[in-house]
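The values are calculated or read from the model by the stated rules, or taken from the named source; none is laboratory data. Here the structure is a predicted model, which is why all the values come from computation and not from measurement. Glycine gets a Cβ as well: all are built from the backbone with ideal geometry, and neighbour counts include every protein chain shown. Please note that ligands, DNA and RNA were not included when accessible areas were found on the heavy atoms of the full protein model with its side chains. Shrake-Rupley method; radii C 1.70, N 1.55, O 1.52, S 1.80 Å.
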Protein chains: 2
Amino acid sequence: MSIEEKKRLQRNDRVTIRTVATHAGVSVAAVSKVMRNAYGVSEALRARVTDAIEVLGYRPSRAARGLRGRSFTIGVLLIDIRNPFLPEVIAGVNGVLAPSHYQAMIGVSDARVQLETSLIESMIDYKMDGLILVAPRLPSDIIAKFAAQIPIVAVGYHDVGATAFDTVNADDQRGAEIAVEALLACGYRDIEMLSLGEREGHQVSVVRQREIGFRRAIQRAGLGSSAPITKIPIAPPKREETMRKFLSRKNRPRAVFCWSDLDAITLLSLAMEMGVRVPEDLAVVGYDNSSTAALGLVNLASIDQSGRELGQVATRTLISRIEGRTGAEHIFQMPSLVSRNSLTRSGKAPVT
Amino acid sequence: MSIEEKKRLQRNDRVTIRTVATHAGVSVAAVSKVMRNAYGVSEALRARVTDAIEVLGYRPSRAARGLRGRSFTIGVLLIDIRNPFLPEVIAGVNGVLAPSHYQAMIGVSDARVQLETSLIESMIDYKMDGLILVAPRLPSDIIAKFAAQIPIVAVGYHDVGATAFDTVNADDQRGAEIAVEALLACGYRDIEMLSLGEREGHQVSVVRQREIGFRRAIQRAGLGSSAPITKIPIAPPKREETMRKFLSRKNRPRAVFCWSDLDAITLLSLAMEMGVRVPEDLAVVGYDNSSTAALGLVNLASIDQSGRELGQVATRTLISRIEGRTGAEHIFQMPSLVSRNSLTRSGKAPVT
DNA sequence: CGTTATATGGAGAACGTTCTACAACTCGTC
DNA sequence: GACGAGTTGTAGAACGTTCTCCATATAACG
C-alpha cells in the first residue's frame with residue numbers, strides 16, 4: 001500500500017515533502033524539521049530523512065515555502081544592465097551567496113520608476129527574504145515604506161539619515177576629491193567636471209555626491225568659488241553632441257573629471273576623432289575603473305570603487321539584517337585612483 | 001462587524017484576496033475570477049471588484065499564485081553578465097514583456113554547470129511560467145528533462161534536433177562565413193581564426209558553430225583543407241599570453257577572425273602595444289558588434305547578431321509555448337557585417 | 001513506584017491563491 | 001407550470017510548505 005503509493009507518486013507527480021515522509025516512514029512535520037534543522041530530531045531520524053531526500057531527489061517548493069516561511073531568495077534590483085560597473089556588483093553578491101543556501105534573483109528596472117516599483121512589489125509578493133537595490137531611483141520615503149515589509153539594503157544611494165534600511169556606498173565625495181587632487185598634482189589648474197544631467201536634484205545619487213566632492217576639492221585648492229560643471233543629457237543623441245561641443249570650445253579646460261567611465265571613454269573616442277590629444281591637450285580622469293578603461297587602446301585613468309566589494313558588503317549586511325539586526329547601518333568604502341595614460345604621458349601620477 | 005473586520009485587516013496585515021472579497025461584498029472565488037478574467041462574471045460584479053482592488057491597493061501574492069496556478073513570471077538564465085552581448089538580450093526580453101502582465105527574473109550562472117542546474121531548479125520550484133536559457137552549458141538531454149516540467153526556449157544553443165524545447169539562434173555558421181568572405185574580398189588570403197577553448201566538444205555552442213562556418217568558407221575559397229584555428233584558453237592569465245604569442249609568431253597570418261569582440265578588442269589592444277599595425281599588418285573581424293567595438297578608439301569590424309532581437313523573438317516564442325503550442329520550433333536569424341577600420345584603412349568593405 | 005522533567009515525533013491549522021463542482025436564478029418553450 | 005438551457009455567483013478542496021501545540025517515551029529523582 002505504502003509502496004504502491006510511493007511508486008505512483010514517483011511515476012506521475014512531483015516529489016513533495018509528503019513523498020519523502022512516507023518513504024522514510026515518518027511524519028511530514030519530521031521532514032520539515034530536518035529541512036530547517038530545527039530542534040527536536042534524533043540522529044537516527046535525521047539520517048532516515050536525509051537518505052530519503054537523497055534517494056528521491058527531493059527539492060522543496062520555493063513557492064510553497066514563500067507562502068508560509070522563508071524562501072531563501074534575495075532579490076537584486078539593477079537600474080541598468082549595460083553599465084559595466086553593475087555586473088561587478090552582481091559578481092560580489094553571487095560570490096557571498098554561493099556557499100550559503102540563499103540564491104539571488106535579479107530584476108532590471110531600466111531606470112524607470114514605474115518598473116522599479118513594480119519589480120520591488122513583485123519581489124515582496126514572492127516573499128523573498130531581502131532586497132538589494134542598486135542605485136535605485138525611488139525617493140527615500142518610498143523605499144522606507146517598502147523596508148517595513150522586507151529587509152532592504154541600498155547600494156549607491158547616499159542617505160545616511162535613513163533609519164528603515166541600510167546603505168552601502170563608496171565615498172563618492174572623496175572619490176571625486178582624489179580625482180581632482182591627482183589632476184592638481186600633475187600641475188593642471190584649469191579643471192572641469194563632466195556630470196550627468198538628471199531629472200530631479202536627487203541628492204542621494206552618486207553623481208550628485210561626486211559633484212559635491214569636485215566642488216570642495218576645487219575650492220580647497222583656491223581655484224575660485226565656482227567650480228565649472230558641464231552636464232551631459234541622458235538621451236543618447238544629445239549625449240555625443242554635448243561632448244563634441246565641449247571638446248571644440250575655445251575655453252576648453254586643460255583637464256576634465258568625468259562622472260563615469262561610460263562617458264569618459266566616449267569622450268576619449270571623440271577627442272581622437274577631433275584631433276584633441278590626450279593628455280597633451282586634455283587630461284581625463286574617469287570613474288568606476290571599468291574593464292574597458294584598462295584596455296591598452298583606451299588607457300583611461302579612473303577612480304576605482306570596487307563594485308565587487310560593494311556587492312559583497314551589501315550582501316553580508318542584508319543577511320545580518322534578515323537574521324534579526326535592527327537599526328540602520330550606513331557603510332562607506334574608500335575609493336582609489338588608478339593612474340593611466342590619460343592623466344600623464346607616462347601613465348604615472350606624480351607623488352604628492 | 002464586516003466593517004470592523006475590514007479595518008482590522010487594513011491596519012495590521014496584508015491585503016489579501018479575502019480582504020477584497022469582504023470589501024466588495026462578494027465571494028473570494030468571484031474576486032479570483034475577475035483577476036484571471038475568467039468566464040462567468042457580470043459587468044456589475046466586475047466593476048465592484050475592480051473598485052475594491054483599486055481602493056485597497058490589492059496585489060496578488062506571487063508565492064500563493066505559484067502554489068496553485070501561474071505565477072506570471074518568466075525566468076532568464078544568463079551564463080555570464082560581463083559579456084556586453086548578453087545585456088542586449090535582456091533588453092529585448094524586457095521590451096516584449098513590459099506591456100504584458102509577465103515579468104522577468106534573471107539568474108546568473110557564471111558558466112558553472114552546478115549553479116546553472118540549481119538556478120533552473122529554483123525557477124521551476126518557484127513555479128515560474130517559462131524559462132529562457134541564454135547560452136546554457138547543460139547537455140541537451142538534461143535540458144529536455146527540465147523542459148518536461150516547464151516551457152523552455154534556449155538562445156545561443158544549436159540543437160535543431162531538440163523536440164522538447166525551442167531554440168532561437170543567429171546563424172553562427174553563416175556569420176563566420178560572412179566574416180571570412182569580407183576578409184577575402186579585401187584581398188587577404190592568409191586567414192586564421194581565434195576561437196575559444198572549451199572543456200568539451202560542445203557542438204551546440206555558438207563558438208563551435210562559428211568554427212564550422214569558418215572552415216567551410218576557407219575551403220570553399222580553395223585555401224587548403226585545413227583551416228587554422230587557434231584556441232584561446234578560458235582562464236584569464238593564459239588568455240592574454242596566448243594572444244601575445246599569436247601576435248609575435250613569425251608565420252602570423254595576414255588576417256584574423258575572432259570568435260567574440262570580447263577577445264578581439266583585447267587583441268587590438270595588445271597589437272597596439274606590440275607595434276602590430278591594424279589593419280596594415282593584421283586585419284581583424286570580431287563577433288557581436290558590441291558597443292565597445294563601435295568606439296572611435298577601437299573601431300573594430302564585427303559581425304552583428306542583434307542580441308535585442310534574439311531576446312524579443314525568444315520571448316515571443318516562449319509565450320506562445322506557454323499558451324499551449326506543442327512541437328519544437330527552431331528559429332534562425334541572419335547576422336550581418338559591420339565594417340570598420342580594423343578591416344580596411346577606409347573602414348569600408350569592398351563590394352563583392 | 002509515583003512524580004516531574006526532558007527529549008522526540010506527529011496532527012493539523014495556517015499561508016493566499018486557483019479552480020471544480022454545484023447552487024440559484026432567469027428565461028424561453030412546450 | 002414543468003422542464004431544460006444558459007448565466008452568474010459561491011463553497012470548499014487543493015497546492016506544498018512551516019510551525020504551534022500536543023502526545024508519547026524515556027530518564028531522573030525522591
| Here are some residues: A:Arg70, A:Arg65. Which one is open to solvent by 40 Å² or more (accessible area, probe 1.4 Å), modelled with pLDDT under 90, within 13 Å of DNA strand C (Cβ to nearest atom) and within 14 Å of chain B (Cβ to nearest Cβ)? | A:Arg70
| How about segment A:38-61: which of its residues are within 12 Å of DNA strand D (Cβ to nearest atom), closer than 23 Å to B:Leu119 by Cα and polar (S, T, N, Q)? | A:Ser61
| task | Go through segment A:1-15 and give me each residue that's surrounded by 12 or more Cβ atoms within 10 Å (Cβ to Cβ) and at pLDDT below 90. | result | A:Glu5, A:Lys6, A:Leu9, A:Gln10, A:Arg14
| query | Which of the residues spanning segment B:113-135 are away from every other protein chain (no Cβ under 13 Å) and at pLDDT below 95? | reply | B:Val113, B:Ala135
| task | Check A:Gly107 against each of (1) away from every other protein chain (no Cβ under 11 Å); (2) at negative phi and name the one condition it does not meet. | result | (1)
| task | Give the number of residues within segment B:16-34 that are more than 10 Å from DNA strand D (Cβ to nearest atom) and either open to solvent by less than 30 Å² (accessible area, probe 1.4 Å) or within 14 Å of chain A (Cβ to nearest Cβ) (or both). | result | 3
| Across segment B:243-287, which residue is least open to solvent (accessible area, probe 1.4 Å) among those that are more than 24 Å from B:Glu177 (Cβ to Cβ) and among the basic types (Lys, Arg)? | B:Arg249
| query | Pairs under 7 Å by beta carbon, first residue within 16 Å of A:Phe146 (Cβ to Cβ) in segment A:62-80, partner among the small types (Gly, Ala, Ser) and within 16 Å of DNA strand D (Cβ to nearest atom), six or more apart or different chains? | reply | A:Ile74/A:Gly130
| B:Gly307: within 12 Å of chain A (Cβ to nearest Cβ), open to solvent by less than 10 Å² (accessible area, probe 1.4 Å) and not basic (Lys, Arg), yes or no? | yes
| task | Quick one: in segment B:35-58, of everything that is more than 7 Å from DNA strand C (Cβ to nearest atom) and in contact (Cβ under 8 Å) with a residue 24 or more places away in the chain, which residue is farthest from the other protein chains (Cβ to nearest Cβ)? | result | B:Arg48
| Checking B:Ser100 against (1) more than 18 Å from the chain's Cα centre (by Cα); (2) away from DNA strand C (no atom under 14 Å from the Cβ); (3) in a helix (DSSP H, G or I), the condition it does not meet | (3)
| task | Please go through segment A:288-299 and pick out each residue that is open to solvent by 30 Å² or more (accessible area, probe 1.4 Å) and either in contact with a strand residue (DSSP E or B) (Cβ under 7 Å, 6 or more places away or on another chain) or not assigned by TED's automatic domain parsing to the domain that holds A:Phe214 (or both). | result | A:Asn289
| task | Those residues that are more than 12 Å from B:Leu196 (Cβ to Cβ) and within 14 Å of chain A (Cβ to nearest Cβ), I need them from segment B:244-263; list them, please. | result | B:Arg244, B:Leu247, B:Asp261
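Residues checked against (1) open to solvent by less than 10 Å² (accessible area, probe 1.4 Å); (2) outside any helix (DSSP H, G or I); (3) closer than 11 Å to A:Trp259 by Cβ:
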{"position": "A:Asp159", "(1), (2), (3)": "no, yes, no"}
{"position": "A:Ala164", "(1), (2), (3)": "no, yes, no"}
{"position": "A:Ala179", "(1), (2), (3)": "yes, no, yes"}
{"position": "A:Tyr188", "(1), (2), (3)": "no, yes, no"}
{"position": "A:Glu198", "(1), (2), (3)": "no, yes, yes"}
{"position": "A:Arg215", "(1), (2), (3)": "no, no, no"}
{"position": "A:Ile218", "(1), (2), (3)": "yes, no, no"}
{"position": "A:Gly224", "(1), (2), (3)": "no, yes, no"}
{"position": "A:Ala227", "(1), (2), (3)": "no, yes, no"}
| field | Filtered residues of segment B:317-345 (kept if open to solvent by 50 Å² or more (accessible area, probe 1.4 Å) and within 21 Å of the chain's Cα centre (by Cα)) | value | B:Glu329, B:His330, B:Phe332, B:Met334, B:Ser336, B:Leu337
| query | Which members of segment A:13-40 meet the condition of being within 26 Å of B:Leu67 (Cβ to Cβ) and not in a helix (DSSP H, G or I)? | reply | A:Asp13, A:Arg14, A:Val15, A:Thr16, A:Val26, A:Ser27, A:Arg36, A:Asn37, A:Ala38
| Across segment B:73-97, which residue is farthest from the other protein chains (Cβ to nearest Cβ) among those that are open to solvent by 20 Å² or more (accessible area, probe 1.4 Å) and part of a helix (DSSP H, G or I)? | B:Val96
| message | Kindly evaluate B:Gln149 against the criterion of being free of Cβ contacts under 8 Å to residues at least 60 places away in the same chain and in the same structural domain as B:Thr315 (by TED's automatic domain parsing). | response | yes
| remark: Out of (1) farther than 23 Å from B:Asp171 by Cα; (2) touching a strand residue (DSSP E or B) at 6+ places or on another chain (Cβ under 6 Å), the one B:Ala271 does not meet is (2)
| task | Spot the failing condition for A:Gln103; the list is (1) in contact with a strand residue (DSSP E or B) (Cβ under 6 Å, 6 or more places away or on another chain); (2) more than 16 Å from DNA strand D (Cβ to nearest atom); (3) not β-branched (Val, Ile, Thr), and only one is missed. | result | (2)
